[in-house]
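Working notes, beginning with the structure itself.
The values are calculated or read from the model by the stated rules, or taken from the named source; none is laboratory data. Remember, it's a predicted structure, so these values are computed and weren't measured experimentally. For neighbour counting, all protein chains shown are included, and Cβ atoms are generated from backbone atoms with ideal geometry for every residue, glycine included. The protein model used for the area step is the full one, side chains on, heavy atoms only, and it has no ligands, DNA or RNA in it. Shrake-Rupley method; radii C 1.70, N 1.55, O 1.52, S 1.80 Å.
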Amino acid sequence: MNNETMMQYFEWYLPNDASLWKKVKKDAQKLGELGITSLWLPPAYKSSDGINGVGYAVYDLYDLGEFDQKGSIPTKYGTKDEYLEAIETLHKNNIKVLADTVLNHKFGADELEQVIAVEENPTNRNNTISPAKLISAWTKYTFPGRGDKYSAFKWDWTHFHGVDWDEKNDKKSVYKFYGKHWDKQVDAENGNYDYLMGADIDLNNLDVVTELTNWGKWYLDFTKVDGFRLDAVKHIRADFYKMWLENLKEYAQKDLFAVGEYWSRDINILTNYLNDVNSEMSLFDVPLHYNFLDAANNGGNYDMRNILNGTLVQANPTKAITFVDNHDTQPGQSLESWIPDWFKPLAYSIILLRNQGTPCIFYGDYYGIPHNNIVSKSDFLNLALYIRKKYAYGNLKDYFDNFNIIGWTLDGDEEHKNSGLAVLLSDGPGGNKVMNVGTKFAGATFYDCTGNIKDKIEIDENGNGDFRVNGGSVSIWIMSV
């Protein structure tokens, strides 16, 4: 068995030319050869802004680029048939597919409705700041371009908690519909962070829960995806996803993989959430991302011994999806916290060349982001992915014993010939560290496959080697054959 490796196959500023599904199909064989075992594809359904929509302003969950709605038949990424062909091709190359799933909100309603609502304090949604009044809300979804194909369900205001726009008074605010209550089991930011944007879906409504469960079953059958990336789970009551995933796993008769985006750097919040959903999903390791950011922006004054402290991969590695950057952290986006170029090799080494957690590499790092003149890191990533696939196996031994220079070794396994490695990295000055790779390597020669260190080293009879690294870089040592 080779190591599991995920890739997020999109970034925010891809061209609106309906070409991504075709690119996925074209790249599938190469991605499989690199060692990618699962691909997280962007939201495949119609956005409120049609072909221009990244996918998170959801209009119609059943329109995968099939119907003339919101000004186009294809989505930003292509047509329904192209999406299905891409998935089929990925499967032929032994790559699982994760569907980006957005069940928190909807945008682009077809009709207005008159609804009684109250205004909530945006920074404390437990505090009502207006009397009940009639507003005009965009909450009626009839899907005239699709009709009743796949589902006859039509959405109206009773299926939502509230909105952030009153068309009648041309006013933006947080409006909660009269008689409704924000869900519990959501993040406590702003008092209650059930409401995020658009028309907030009411997951206490049994008709809504039934429809979303039916949609999940339809999606599995129709697309043959292998699991889900779940958007904005901190805004959705935890027991909904516990129930939803349990039902879909029972329906599919297999252990569907799911990973949730809970954007918090507080490990206690993430741990509590995993308990609330009975560990039905994994979570992205947001605290690790911010540790990378702190280290990268501290000019060598970050204590690298603490790089894994407070992270999900440290607390619960089997449920941690580690990442360096994503579409939300890239420049210009809502959670912008971009890891600088110089630190990218160090960060990717930490997630790719260890055997804890499942790493996810970002399209914007692999292919670049022309919109922001960000160049591809594919040279280093190709190397790191190759080393992960061939060498990163065995027992892990950490050497987190220096303020700037940290390292680890893996002693290899029998299944992967010559596997085992030593990694040394520094956010400050260069140096060396004696590390043990196991006695099976006694007398072997190791070399730095990054080329940063030119000299080779010999492993002594006890399995020890005196490994080196240059300042502000990483060296990856493997056996010379």
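Brief remarks follow.
- Carbon + sulfur, % of accessible area of the stretch 229-283 - ligands and nucleic acids excluded, 1.4 Å: 40
- Helix 206-223 and the longest principal axis of the C-alpha atoms of the chain enclose an angle of approximately 50°.
- Which listed pairs, of Lys30/Lys377; Lys149/Lys249; Lys25/Lys76; Lys217/Lys254; Lys224/Lys390; Lys46/Lys242, have C-alpha distances above 23 Å, in listed order: Lys149/Lys249; Lys224/Lys390; Lys46/Lys242
- Options Val209, Val58, Gln314, ranked by Cα towards positive dipole end of the chain, top entry (Cβ charges): Gln314
- Degrees between helix 267-276 axis and first principal axis of the chain (Cα, 0 to 90, nearest 10): 60
- Taking the inverse of the mean reciprocal distance over all distinct Cα pairs, the Kirkwood hydrodynamic radius of the stretch 76-118 comes to 14.1 Å.
- For the stretch 285-297, 3J(HN,Hα) computed residue by residue from phi via the Karplus equation (6.51, -1.76, 1.60; θ = phi - 60°) reads 8, 4, x, 5, 4, 6, 4, 4, 4, 4, 5, 5, 9 Hz, glycine and proline entered as x.
- Taking log10 I(q)/I(0) by the Debye sum over Cα atoms at q = 0.06, 0.11, 0.13 Å⁻¹ as calculated from this structure, the corresponding entry among (i) -0.40, -1.00, -1.23; (ii) -0.30, -0.93, -1.22; (iii) -0.26, -0.91, -1.29 is (ii).
- Probe 1.4 Å, protein heavy atoms only - accessible area per residue of the chain in square angstrom: 38
- Along its first, second and third principal axes, ordered by size, the stretch 247-377 spans 47, 33, 28 Å in Cα coordinates.
- Distance between the stretch 95-154 and the stretch 201-242 - C-alpha centres, whole angstrom: 15
- Taking the helices alone, the chain has a mean residue ellipticity at 222 nm of -7000 deg cm²/dmol, built from -39,500 (n - 2.57) per DSSP H run of at least 4 residues and averaged over all its residues.
- Our note on the geometry: Cα centres of the stretch 296-349 and the stretch 246-281, 21 Å apart.
- Phi angles across the stretch 8-19 convert, under the Karplus curve 6.51 cos²θ - 1.76 cosθ + 1.60 with θ = phi - 60°, into 3J(HN,Hα) values of 7, 9, 4, 9, 5, 9, 4, x, 8, 10, 6, 10 Hz, Gly and Pro given as x.
- Per-residue Karplus couplings for the stretch 323-338, computed as 6.51 cos²θ - 1.76 cosθ + 1.60 with θ equal to phi - 60°, are listed in order as 8, 9, 9, 8, 5, 8, 8, 5, x, x, 9, 4, 10, 3, 7, 5 Hz, Gly and Pro entered as x.
- Computed E for Asn204/Glu415 - FRET, C-beta separation, R0 41 angstrom, nearest 0.05: 0.25
- Mean projected area of the convex hull spanned by the Cα atoms of the stretch 232-278, taken over all viewing directions: 3.2 nm².
- Accessible surface of the stretch 166-227 [probe 1.4 Å, protein heavy atoms]: carbon and sulfur percent: 49
- Nearest-0.05 FRET efficiency for Asp401 and Asp341, computed from C-beta distance (R0 35 Å): 0.80
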